[in-house]
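What follows is one structure encoded as structure tokens, with my remarks underneath.
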């Protein structure tokens, strides 16, 4: 068979196993079987020997012929009766049960092609060990080897140790695998999905429990939507109005605004998320009130100035919380100048401002839900936001909000707010951030 007709590098299929089995049953030459499945004869030979299975003859009480030492055996008195007869001539001795030298008779034909008894004419009278090739058995063995060969870690202990020294300390700081992989791609010799596989196999010092997203979420309760009365403040500021406004002004950046609560009372965070780059600002306020929200916006407006504020935050989308229900006070400055435009999501539809809602999870990594903000200062909140904004995101193609902000926001914004970038390996997203 010429090399051009040989299918190299391809696994044997079920159809190939059936052809081999049929060829063995019909006593075809090895070369003929190989030609039919377009494989080298050596490949077919190895396939038969690898996937054949042995079938030992079922012994009955008087059957002593399957021992390979039967003809030369001269043992006596195995039963302990002292009769003096040779045991191979005794019909009462079960040699395979009492003789330590008993060995099943093996056919010498199994050592050469066809290596099996599929086409043997003496299979009914032979008392030796029998070997067969079956297509289903061969295919199941092949699939089993295919699975087993992919189990375990395809990496040396030294490579794994080196990788662990890079990854585990950063995971214990609260960094995500995506963030680590983005900044250490050249040092990690595998893909991001493989890292998750290694964590599932407990290959690193850090464990799955240390990963921020490896949690089980409770199924959401189904509830009927309450009847919400339309508030006068929403007139001309509904989500439908927002969509229409953005369609007419597609180049305007959008800011999502929300409050973050940790306890039923006390201090809260007022968060602003710039949609185009995912940069988030957070300010701690004494209470969740209209006055406190207005004070923050007025202060931010004073720091940035009218032009920078209006270019950076021309449109603000928020929810229907009572703290936001004085839109005129937020839209206009003290002189009555329009500085922004407020729009509201539909009632019970926080998913309409997904960016800020999603980004809350980073805050929860550092300040878990239920922990009060009362003992936190604006300086600590600013430090937390530096670390969050320096975290690489898969949604940003591996970039960080801080790196994208200068390209997508007003160039004066970062400087006037004194925002700081944190080096990739220094990013810390755990409560221990405030203890450093």
When the stretch 407-425 is examined, which residues are found to be free of Cβ contacts under 8 Å to residues at least 24 places away in the same chain and surrounded by fewer than 15 Cβ atoms within 10 Å (Cβ to Cβ)? 411, 415, 418
Could you list all residues from the stretch 241-254 that are surrounded by 10 or more Cβ atoms within 10 Å (Cβ to Cβ) and assigned to a helix (DSSP H, G or I)? 241, 242, 243, 244, 245, 246
With respect to residue 317, is the statement that it is part of a strand (DSSP E or B), at pLDDT 90 or above and in the same structural domain as residue 352 (by TED's automatic domain parsing) true? yes
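Residues are listed down the side, and each one gets a yes or a no for (1) under 27 Å from residue 116 (Cα atoms); (2) at pLDDT 75 or above; (3) within 58 Å of the chain's Cα centre (by Cα):
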residue	(1), (2), (3)
1	yes, no, yes
9	yes, no, yes
15	yes, yes, yes
29	yes, yes, yes
33	yes, yes, yes
36	yes, yes, yes
45	yes, yes, yes
50	yes, yes, yes
64	yes, no, no
Condition check for residue 380: free of Cβ contacts under 8 Å to residues at least 60 places away in the same chain and farther than 22 Å from residue 232 by Cβ: yes
Do you know which residues across the stretch 192-207 are in a loop (DSSP other than H, G, I, E, B) and either at pLDDT 90 or above or within 16 Å of residue 152 (Cβ to Cβ) (or both)? 201, 202, 203, 204, 205, 206
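Let's see how each residue does on (1) under 54 Å from the mean Cα position of the chain (by Cα); (2) modelled with pLDDT of 75 or more; (3) surrounded by fewer than 13 Cβ atoms within 10 Å (Cβ to Cβ); (4) assigned by TED's automatic domain parsing to the domain that holds residue 203:
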| site | (1), (2), (3), (4) |
| --- | --- |
| 91 | no, no, yes, no |
| 99 | no, yes, no, no |
| 109 | yes, yes, no, no |
| 115 | yes, yes, no, no |
| 118 | yes, yes, no, no |
| 124 | no, no, yes, no |
| 134 | yes, yes, no, no |
| 139 | yes, yes, no, no |
| 143 | yes, yes, yes, no |
Which numbered condition residue 306 misses (of (1) more than 17 Å from residue 281 (Cα to Cα); (2) touching a residue at least 60 places away in the same chain (Cβ under 8 Å)): (2)
Residue 362 versus (1) surrounded by 15 or more Cβ atoms within 10 Å (Cβ to Cβ); (2) more than 25 Å from residue 287 (Cα to Cα); (3) modelled with pLDDT of 90 or more: which is the lone unmet condition? (2)
Does the stretch 21-39 hold any residues that are surrounded by fewer than 16 Cβ atoms within 10 Å (Cβ to Cβ) and part of a loop (DSSP other than H, G, I, E, B), and which are they? 26, 27, 29, 38
All but one of (1) over 24 Å from residue 246 (Cα atoms); (2) in contact with a strand residue (DSSP E or B) (Cβ under 6 Å, 6 or more places away or on another chain) hold for residue 394, so report the exception by its number. (2)
Just a yes or no: is a residue in the stretch 358-365 under 20 Å from residue 321 (Cβ atoms), touching a helix residue (DSSP H, G or I) at 6+ places or on another chain (Cβ under 8 Å) and part of a helix (DSSP H, G or I)? yes
Here the residues within the stretch 325-353 that are assigned to a helix (DSSP H, G or I), at pLDDT 90 or above and surrounded by fewer than 20 Cβ atoms within 10 Å (Cβ to Cβ) are 328, 329, 331, 352
Which of the residues spanning the stretch 271-295 are outside any loop (DSSP other than H, G, I, E, B) and surrounded by fewer than 18 Cβ atoms within 10 Å (Cβ to Cβ)? 290, 291, 294, 295
In the stretch 363-381, is there at least one residue being assigned by TED's automatic domain parsing to the domain that holds residue 307, touching a strand residue (DSSP E or B) at 6+ places or on another chain (Cβ under 8 Å) and under 19 Å from residue 426 (Cα atoms)? yes
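The values are calculated or read from the model by the stated rules, or taken from the named source; none is laboratory data. Just so it is clear, the model here is predicted, and its values are computed rather than measured. When we count neighbours, we look across all protein chains shown, and the Cβ atoms used for this are built from the backbone with ideal geometry, even at glycine.
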